[in-house]
Amino acid sequence: MHGALETLAAGYRRDGYVFPFRAMSATEAAAHRARLEAVEREIGNDPARRKMLRRTANIVLDFVDAITRLPAITDRVAAILGEDLLVLDVSFFTKEAGSPNHVPWHQDLHYWGLEGEDEVTAWLALSPATPQSGCMRFKPGSHRQVVEHRDTSDEHNLLTRGQELAVEVDESDAVDVVLAPGEFSLHHGWAIHASAPNRSDDRRIGLAIRYISTGMMTTDNFPTTAMLVRGEDRHGNFTLAEPPSGVMTERDLARYAGIAGQREATILKGAKRG
């Protein structure tokens, strides 16, 4: 395992992403999908509850918190960031069958209000992620540069600000991140990536887990809450969240607004949709 983790870290440093790895069996992935879809049925079209699936879902869903702590995932993240890990945010990225929704070329860390780049996103597939269903695509080696972005008014852009790169992207060497249910990828916060609309006949469901090292800091000392999921926090740069007590319990819902509001304020700072 040690040699495999060294190879993983080397590939990550070279390309800015690595995949595929298995976090759980296809059967377990189907069970988590069923849990998510049960929550979706329960909350219906309530916009406030729906938003919880896209922002810090680990604060209000105990099964999501459990996924973020799986050794199959955190062992590999720790090979890159070290043993002490926080989860900054967790989001479901769901594209309905035939939906025009997409994610344009972008870099994650551009808007996250973090000093440094000790961040890794684990993207877990709960349904097949293929070119037809709109899997992620990466530009190899693109994590070595920071590219200007612009905000847009595209209603089908799944990103919070409608952001996209302000330059054209040569897609000739782009790599499709094909994942089976239960598999995941890891990518760097500056890796340029995108995903196309879902042209398949099934939902494309992914869970993006944003891990950071405990030594990271926010810009301007912006107050931010994170969840300790492995090791120790010897720095105290973030307010530590308590694990959820169930599925959208009253206790967790009461805490959620402030935590999610911090993240939203950071990401939307200076937003101007064109």
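Computed from the coordinates by the stated procedures, all read-outs in this text should not be read as laboratory data. Just so you know, these numbers come straight off a predicted model, no measurement behind them. We place every Cβ from the backbone using ideal geometry, glycine too, and count neighbours over all the protein chains shown.
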Task: Listed residues Val39, Val87, Val60, most fluctuating in the chain (Gaussian network, C-alpha, under 10 Å) - done: Val39
Task: Value at 222 nm in deg cm²/dmol, rounded to 500, when DSSP H runs of n ≥ 4 in the chain each add -39,500 (n - 2.57) - done: -8500 deg cm²/dmol
- [ ] Over the chain, calculate the relative contact order: mean separation of alpha carbon pairs under 8 Å at least 6 apart, over the residue count, as a percent.
- [x] 31 percent
Task: Spin-label proximity, Ala180 to the range 106-129 - amide N less than 19 Å from point 7 Å beyond Cα toward beta carbon - done: 123-129
Task: Residues in the range 61-80 that a label on Ser245 would reach, taking backbone N under 14 Å of a point 7 Å out along Cα→Cβ - done: 61-62
Task: Cβ-based exposure ranking for Asp170, Asp233, in which fewest neighbours within 10 Å come first - done: Asp170, Asp233
Open item on the list: Can you sort Thr27, Thr130, Thr56, Thr214 from fewest to most other Cβ atoms within 10 Å of each residue's own Cβ?
Closed with: Thr27, Thr130, Thr214, Thr56
TODO: Only helices at least 18 Å long along their axis, Cα-based, and averaging -1.0 or more on Kyte-Doolittle count here, so list those DSSP H runs from the chain.
DONE: 2-15, 26-43, 250-268
Task: Length released on extending from Glu148 to Arg234, taking residue separation times 0.36 nm less the Cα-Cα span - done: 27.6 nm
TODO: Please name whichever of Leu88, Cys135, Pro47 sits farthest to the positive end of the charge dipole of the chain, dipole taken about the Cα centre and charges placed at Cβ: Lys and Arg +1, Asp and Glu -1.
DONE: Pro47
Task: Alpha carbon centroid spacing (whole Å) that separates the range 226-255 from the range 21-84 - done: 14 Å
Task: Burial ordering of His32, His187, fewest other beta-carbon atoms within 10 Å first - done: His32, His187
Task: Residue among Ala30, Thr74, Leu228 farthest towards the positive dipole end of the chain, charges placed on Cβ - done: Ala30
